[in-house]
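Q: This is the structure I want to talk about, given as structure tokens.
The values are calculated or read from the model by the stated rules, or taken from the named source; none is laboratory data. Model, not experiment: these values are computed from the prediction. Cβ placement follows ideal geometry from the backbone for every residue including glycine, while neighbour counts extend to all protein chains displayed. Side chains included, ligands, DNA and RNA excluded: accessible areas come from the protein's heavy atoms. Shrake-Rupley method; radii C 1.70, N 1.55, O 1.52, S 1.80 Å.
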Amino acid sequence: MRFPLSRLSPAGPVVLWGGELPSGGLKYLTFSRYLETVPEGMRGLVELSGSSSSLALDALGRERGLPVLALTDTAGAAYLRGQGFGGEVRTVHLLSEAWEVALGYERQGWCWPRQLSNGALIGCVEGWATELRDFVRDAFPSVRMVVSGFGTGATVVGLHRAFTPLGYEVVGLQPARGCSLPGWRRWLEQNLGEADLFHPHREEVVLEAADAKHSDGLAALLSYARTEARPEEVLIIAHNARPPFG
């Protein structure tokens with residue numbers, strides 16, 4: 001596939017604009033690969049998400065003629081409806097509550113990717129990240145570092161697997177202490193322990209903190225890249241951002 005990549009300025013970082021994909025986010029690439037591994041006959045798609053994961057499953061559900069259920073809090077429900085989410089949204093207040101609801105649907109034959117704990121999603125990311133790496137090597141040979149926001153961890157680990165064997169540095173950016181960024185999390189404070197998808201990789205993948213002054217993921221990533229001695233050597237993975245030019 002052709003990845004939506006460009007520079008904002010000649011001496012600036014390269015940006016992968018995930019917002020240009022059909023669901024408006026890079027989760028579309030990950031879940032489309034994951035659904036290829038799921039046996040036929042699934043009755044629908046369900047996930048604990050109030051952001052890009054649910055939007056990706058919504059787009060994939062439309063393509064496959066499957067209903068989609070998003071389990072999220074009040075803020076997530078409002079965000080999804082504002083983004084044109086076409087499936088069902090159910091508001092939940094506790095992770096344990098959402099987990100039980102999703103489990104019930106899974107027992108009825110629905111596909112629940114379990115994005116917070118399913119290590120298979122890392123392999124799905126590695127698949128498209130390897131294609132991205134080869135594309136970047138040809139189109140932007142000066143790139144030597146890859147920076148991505150840290151959410152579930154699947155994207156960062158998949159990028160790490162694809163890029164580091166060829167000498168690239170990969171960094172996952174998490175919110176500063178006491179701060180929040182949409183779709184991102186802080187590992188020490190927000191994890192599922194040993195069941196967490198990222199747990200086996202916590203010592204091999206580099207995580208750093210974003211500047212506390214940013215409340216937007218793209219701004220945080222751009223700020224981080226611009227602190228590097230050579231910003232033009234940085235590739236930013238912008239999960240759901242679109243370029244500011246036509």
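Q: If we only count strands (runs of 3 or more DSSP E) wholly inside segment 1-55, which ones have 3 or more residues that are open to solvent by 10 Å² or more (accessible area, probe 1.4 Å)? Explain how you work it out, then say what you get.
A: Values: elements: 5-7, 14-17, 45-48.
So the answer is 5-7.
Q: Of all residues in segment 85-131, count the ones that are over 16 Å from Leu29 (Cα atoms) and either assigned to a helix (DSSP H, G or I) or among the β-branched types (Val, Ile, Thr) (or both).
A: Summing the residues that are over 16 Å from Leu29 (Cα atoms) and either assigned to a helix (DSSP H, G or I) or among the β-branched types (Val, Ile, Thr) (or both) in segment 85-131 gives 16.
Q: Could you grab the pairs with beta carbons closer than 9 Å, sequence gap of 6+ or different chains, first residue in segment 1-16 and charged (D, E, K, R), second one open to solvent by 10 Å² or more (accessible area, probe 1.4 Å)?
A: Arg2/Phe135; Arg7/Phe140; Arg7/Glu232
Q: Given the options Pro231, Pro244, name the one that is open to solvent by less than 30 Å² (accessible area, probe 1.4 Å) and either touching a residue at least 60 places away in the same chain (Cβ under 8 Å) or of a type in the set (A, V, I, L, M, F, W, C) (or both). Before the answer, list the steps.
A: Values: Pro244 fails: open to solvent by less than 30 Å² (accessible area, probe 1.4 Å).
None of the others qualify; the one that does is Pro231.
Q: Out of all the residues in segment 60-67, is one or more on the phi > 0 side of the Ramachandran plot, loosely packed, with under 14 Cβ neighbours inside 10 Å and free of Cβ contacts under 8 Å to residues at least 24 places away in the same chain? I'd like the intermediate steps shown before the answer.
A: Just the residues of segment 60-67 that are on the phi > 0 side of the Ramachandran plot, to begin with: 65.
With loosely packed, with under 14 Cβ neighbours inside 10 Å added as a condition, the list becomes 65.
Checking the rest, the ones that are also free of Cβ contacts under 8 Å to residues at least 24 places away in the same chain come to 65.
Within segment 60-67, one or more residues are on the phi > 0 side of the Ramachandran plot, loosely packed, with under 14 Cβ neighbours inside 10 Å and free of Cβ contacts under 8 Å to residues at least 24 places away in the same chain.
Q: From Glu169, Glu126, Glu131, grab the single residue that is within 19 Å of the chain's Cα centre (by Cα), charged (D, E, K, R) and closer than 30 Å to Leu95 by Cβ.
A: Glu126
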